[in-house]
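Structure, as structure tokens:
The values are calculated or read from the model by the stated rules, or taken from the named source; none is laboratory data. Everything quoted here is computed from the prediction, not taken from an experiment. Reconstructed Cβ throughout: ideal geometry from the backbone, glycine too, with neighbour counts over all protein chains shown. Note: accessible area is taken over every heavy atom of the protein model, side chains too, but ligands, DNA and RNA are not part of it. Shrake-Rupley method; radii C 1.70, N 1.55, O 1.52, S 1.80 Å.
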Amino acid sequence: MDFIDLGIIPHDEAEKIQLEKLNQVMQSVAPDTLYLLEHPPVVTLGRQGGLDNLLISEEALRGMGAQLVHTARGGNITCHYPGQLVVYPVIRIEKRRGGIKKFFHDMEETAIRTAARFDVIAARSEGQPGVWVGGGKLCSIGIGVKKWITYHGLSFNISRDMKLFNAITLCGLHGAHPTSLSAEAGREIDIEDVKNVFKEEFRRIFTDSTVA
């Protein structure tokens, strides 16, 4: 598997790269790939929609320097911004035990173990996808799958600056609020350190797991 750091990259550019890799993996001319990156401010809508959960006008959103885009991932509305780690796995899962459900679980588990490495105890919440610390959502997950190959992925809040979330009802969940690794740890955490730890934990969880 390749691990590729795209740095800070616009959403449309990252999506183009993902889809090109998706086609390459589909044709067996490229290995599974995990992209790690950050996006400039953007609000994204999943297949379940979510425009009704945008709390401000699109014009006001543009005034905040943020885009609004529709995506092919699962889930509702969320947002991305510098200081949030975005992970896009382009991975073949047709021979993987447990299929999509297990893949989703293992992506959550990678985020949970990564948080623990920074002394933050995170967990799943019954009936609510993603990773939580108490009532605060630390990590959102929205997966797309085409011919048993995954794309899109997860967003992991790292910095304390989460003001873009004020523009949305987080994932369409009324009463839910975002939190971040830095806020929960009580100190500023460097996103580059999180990337390195996330890759380590991902390797531990996914080693040899693509073979049935």
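Suppose we take every Cα in segment 1-127 and form the convex hull; what volume per residue is that in Å³? Walk me through the numbers before you get to the answer.
Details: hull volume 17.9 nm³, N = 127.
So the per-residue Cα hull volume is 141 Å³.
I need to check one value: relative contact order of segment 32-82, counting alpha carbon pairs closer than 8 Å and at least 6 residues apart, in percent. After rounding, I find 57 percent. A 1.4 Å probe run over the chain, with the rest of the protein chains in place, finds 46 Å² accessible per residue.
With K and R counted +1 and D and E -1, the other residues having a Cβ less than 12 Å from that of PRO129 yield a net charge of +2.
Work through the residues other than ALA14 whose Cβ is under 14 Å from its Cβ and net out their charges, Lys, Arg +1 and Asp, Glu -1. Please list the in-between numbers first.
Details: positive: LYS16, LYS21, ARG73; negative: ASP5, ASP12, GLU13, GLU15, GLU20, GLU38.
Net charge in that neighbourhood comes out at -3.
Candidates GLY186, LEU170, VAL131 compared by Cα position along the dipole of the chain: farthest toward the positive end lies VAL131, with charges placed on Cβ. For segment 130-195, which GluC sites (Glu not before Pro) are both in a DSSP coil and crowded by at most 14 other Cβ atoms within 10 Å? For GluC sites (Glu not before Pro) across segment 130-195 that sit outside H, G, I, E and B with at most 14 neighbouring Cβ atoms in 10 Å, the list reads GLU188. For labels at SER28 and HIS177 in the simple 7 Å Cα→Cβ model, what's the distance in nm? Between SER28 and HIS177, the label points sit 5.2 nm apart. Each Cα pair under 8 Å and six or more residues apart adds its sequence gap; the mean of these over the residue count of segment 67-212 is a relative contact order of 33 percent. When the P(r) is computed for segment 46-86, the part past 15 Å accounts for 47% of the Cα-Cα pairs. Applying the Kirkwood pairwise sum to the alpha-carbon positions of segment 52-125 produces a hydrodynamic radius of 15.5 angstrom. Restricting attention to the chain, close to 70% of DSSP beta bridges with both partner residues there are antiparallel.
At full extension, ARG204 and LEU51 could sit 51.3 nm farther apart than now, given 0.36 nm per residue minus the alpha carbon distance. Per the Debye formula on identical point scatterers at the alpha carbon atoms of the chain, with no solvent, log10 I(q)/I(0) at q = 0.16 Å⁻¹ is -1.07. Residues whose amide H lies under 5 Å from that of ILE8, counting only those 5 or more places away or on a different chain, are GLU38; hydrogens are built 1.01 Å from N in the peptide plane. Counting only protein heavy atoms and using a 1.4 Å probe, the accessible area of LYS95 comes to about 130 Å². Projected label points at LYS147 and ILE121, each 7 Å from Cα along the beta carbon direction, are separated by 4.6 nanometres. For segment 70-195, the spherically averaged projection of the C-alpha convex hull amounts to 7.8 nm². The portion of the accessible surface of the chain made up by carbon and sulfur, rounded to a whole percent, is 50 (1.4 Å probe; DNA, RNA and ligands excluded).
Which value, in Å to one decimal place, does the Kirkwood hydrodynamic radius take for segment 1-74 when every pair of different Cα atoms is included? In segment 1-74 this quantity evaluates to 14.0 Å.
Only one residue of ASN196, MET64, GLN27 has its Cα farthest out toward the positive end of the dipole of the chain, where Lys and Arg carry +1 and Asp and Glu -1 on Cβ, and that residue is GLN27. Segment 138-170 and segment 91-126 have Cα centres separated by 14 Å.
The convex hull around the C-alpha trace of segment 103-158, projected and averaged over every direction, spans 4.0 square nanometres.
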